[in-house]
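Have a look at the structure below, then the notes.
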Amino acid sequence: MNLFSDIRDLVISALDSLVADGTLPAGLDFSAVAVEPPRDASHGDMATNAAMVLAKPAGLQPRAIADALAGRLMADPRVAGADVAGPGFLNLRLVPALWQGLVRATLAAGADYGRSGMGKGLRVNVEFVSANPTGPMHVGHTRGAVFGDALARLLAYAGWDVTREYYINDGGAQVDVLARSAFERYREANGLEPEIREGLYPGDYLIPVGEALKAKYGDSLLNQPESVWLRDVRDFATEMMMAEIRNDLKVLGVEMDVYSSEKALYGTGEIEAAIATLRDMDLIYEGVLEPPKGKEPEDWEPRVQTLFRSTAHGDDVDRPVQKSDGSWTYFAPDIAYHYNKVKRGFDQLIDIFGADHGGYVKRMKAAVSALSGGRVPLDIKLIQLVKLYKNGEPFKMSKRAGTFVTLRDVVEQAGADVTRFVMLTRKNDAALDFDFDKVLEQSKDNPVFYVQYANARINSVLRKAREAGIDCADATLAAADLSRLGHEAEIAMAKKIAEWPRLVEIAARNNEPHRVAFYLYELASEFHGLWNKGNDDGALRFIQDGDIATSQAKIALARSVSVVICNGLAILGVAPVEEMR
RNA sequence: GGUCCCGUAGCUCAACGGAUAGAGCGUCCCCCUCCUAAGGGGAAGGUUGCAGGUUCAAGUCCUGCCGGGAUCGCCA
């Protein structure tokens, strides 16, 4: 049930009838006609821009269209008033029964209230995290993981067929470095002094890997040359790191559908095939790149490289796919991997990158555009940095000083639910401050608490009501006499609830799950306000002594707020609480 | 220098191209014999970095500047 789309349908059919009787010319495009909540409540319940949008193409004054439209809309029993205002807005007032009915519908739909079919079952692949398997996940990865997972949940709720995917970067030089670093820890486990040379990973987290290597190989690798052990140690260490990462994701409440391996692309011919496909399109050539303008590197030398003509698909310069020794650059397997996703039949691709990979966006889009013939859109969301604070003081991360903050650290201190919610209280492309003390604060400037507190209050009402012998089952509440919800503040609450399905669609259309978090804050604010009005006006208290029917109507309203909070939190991957402790 | 992101109240940030740009914090004033005051109401606070353009309508889209960040051929 989406009241806004219902009323938009009504507006469109009214416009159709105006076309039918010749008031409006035929052939108008109604796609820009919108029905939305007005900024100011005094403007009514819903507003439509129809008259302004259609004035020019129809060759009529906005006023004339609005007046005619108002006449048609007034004939509908749901519409109580239709006034032209401002430059041509048509402000609609709707009958109270509509909002009361919405409460009933919310309770009846429960977890499905707000679910949308706008995705039409299209298959979308959301690739996120994709952290290198060379160490534990840190705070930056955490934000990307939370964002990607929430986006996946949002899109699924809005009717897409979603696949969550992790691309394991296990094919490049960095996993060789991992192997050499782990080998030193293996020597350490055998009682030798490790030599953590410059360029190796110094972290303690490799000590258990060294011990596990010893358990498997004893001392048999100690005096062997790298050529003998590199491959095995690399695979072993990578597997252990991935196990760690999978566990970190689990702790955070993130589950992937597919793990794809870069390494697995090598030797299968997939990379060669992808490049060959591009070559057939005349998008691969041998050439020399111009040096970057203005900032020429010291060691710049013109050299012939194998280049992808990404400029043919919107990039600024062509990009190399092969190193001078003939091996692939990191870009080549990425092309093959995205080609693989296209060939698996996805209708849309979404990549979630750290903001430091922003320079990679155009070439990746160019590759997907070329390899899918422009059929598959790729949206890339960049995740900005997380700045850590403790007591308002910046908390510097440093591997050397041992203050490297991992995902595990954050979740252990703040909890998965708080971490997830806070990570979604900023747009993805804005930097995020994460203060270990503030996120646990129980006050209204902490949005997690504020929303949870609203839900706890609602459940408190339900407990009290049940103690008083009032039946609070959803089915009973939905059958209550909701016409008793007549107060302005109660109707305002219902209107906020009515915005939820619309909000889901807006958030999904823009791939912006943070909108859900902000909406929940607004919803909670409306509820806290209503709660406090009960202090001033006893008629607004949810439980009315001696009047079960009225109590049930008011409790139905409160319960429907809780339904929406729970549905919203589910999209964020946060568990609602029923009682504050 | 090229590219991308950001610039909105003193601070931290919202606003699918819609009306008088909204919240929280901070400042000031109010509200608990009553379901959790862990909350609520009100006041003050703005040339949405600057200048043009498109549009019935621009914080939002386009162009050019200014400021901050990221990034820039064999690292992923």
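The values are calculated or read from the model by the stated rules, or taken from the named source; none is laboratory data. Everything quoted here is computed from the prediction, not taken from an experiment. Glycine gets a Cβ as well: all are built from the backbone with ideal geometry, and neighbour counts include every protein chain shown. In case anyone asks, the SASA skips ligands and DNA or RNA and just uses the protein heavy atoms, side chains included. Shrake-Rupley method; radii C 1.70, N 1.55, O 1.52, S 1.80 Å.
Here are some notes:
- Being over 28 Å from A:GLU488 (Cα atoms), near RNA strand B (Cβ under 7 Å from one of its atoms) and small (Gly, Ala, Ser) is a condition met by at least one residue of segment A:30-42.
- Unique match (being within 36 Å of the chain's Cα centre (by Cα), without any contact (Cβ under 8 Å) to a residue 12 or more places away in the chain and surrounded by fewer than 20 Cβ atoms within 10 Å (Cβ to Cβ)) among A:ASN459, A:ASN535, A:ASN510: A:ASN510
- Selection count where residues are under 25 Å from A:ALA97 (Cα atoms) and either free of Cβ contacts under 8 Å to residues at least 12 places away in the same chain or open to solvent by less than 50 Å² (accessible area, probe 1.4 Å) (or both), scope segment A:23-49: 13
- Residues in segment A:153-175 that are part of a helix (DSSP H, G or I), farther than 22 Å from A:GLU270 by Cα and touching a residue at least 40 places away in the same chain (Cβ under 8 Å): A:ARG153, A:LEU154, A:LEU155, A:TYR157.
- Qualifying residue in segment A:274-283 (condition: open to solvent by less than 60 Å² (accessible area, probe 1.4 Å) and either more than 27 Å from A:ASN340 (Cα to Cα) or within 14 Å of RNA strand B (Cβ to nearest atom) (or both)): no
- Which listed residue is of a type in the set (S, T, N, Q), modelled with pLDDT of 95 or more and over 21 Å from A:ALA105 (Cα atoms), from A:SER551, A:SER525, A:SER560: A:SER525
- In segment A:249-269, the qualifying residues are those that are part of a loop (DSSP other than H, G, I, E, B) and farther than 19 Å from A:VAL422 by Cα, and the one that is least open to solvent (accessible area, probe 1.4 Å) is A:GLU262.
- Scanning segment A:48-69 for residues that are among the aliphatic types (A, V, I, L, M) and within 11 Å of RNA strand B (Cβ to nearest atom) yields A:ALA50, A:ALA51, A:MET52, A:VAL53, A:LEU54, A:ALA55, A:ALA66.
- Subset of segment A:418-443 (residues that are assigned to a loop (DSSP other than H, G, I, E, B), in contact (Cβ under 8 Å) with a residue 40 or more places away in the chain and either near RNA strand B (Cβ under 10 Å from one of its atoms) or more than 18 Å from A:PRO576 (Cα to Cα) (or both)): A:THR425, A:ARG426, A:LYS427, A:ASN428, A:ASP429, A:ALA430, A:ALA431, A:PHE436, A:ASP437, A:GLN442
- From the options A:LEU569, A:LEU520, residue that is surrounded by 19 or more Cβ atoms within 10 Å (Cβ to Cβ) and either modelled with pLDDT under 95 or in contact with a Gly (Cβ under 7 Å, 6 or more places away or on another chain) (or both): A:LEU520
- Within the set A:ARG559, A:ARG541, the sole residue that is more than 26 Å from the chain's Cα centre (by Cα), open to solvent by 40 Å² or more (accessible area, probe 1.4 Å) and more than 10 Å from RNA strand B (Cβ to nearest atom) turns out to be A:ARG559.
- Considering the conditions (1) open to solvent by less than 20 Å² (accessible area, probe 1.4 Å); (2) away from RNA strand B (no atom under 14 Å from the Cβ); (3) under 15 Å from A:LEU407 (Cα atoms); (4) not polar (S, T, N, Q), A:LEU151 is excluded by exactly one of them, (3).
- Test for A:GLN174: is it farther than 27 Å from A:PHE421 by Cα, touching a Ser or Thr at 6+ places or on another chain (Cβ under 7 Å) and surrounded by fewer than 18 Cβ atoms within 10 Å (Cβ to Cβ): yes
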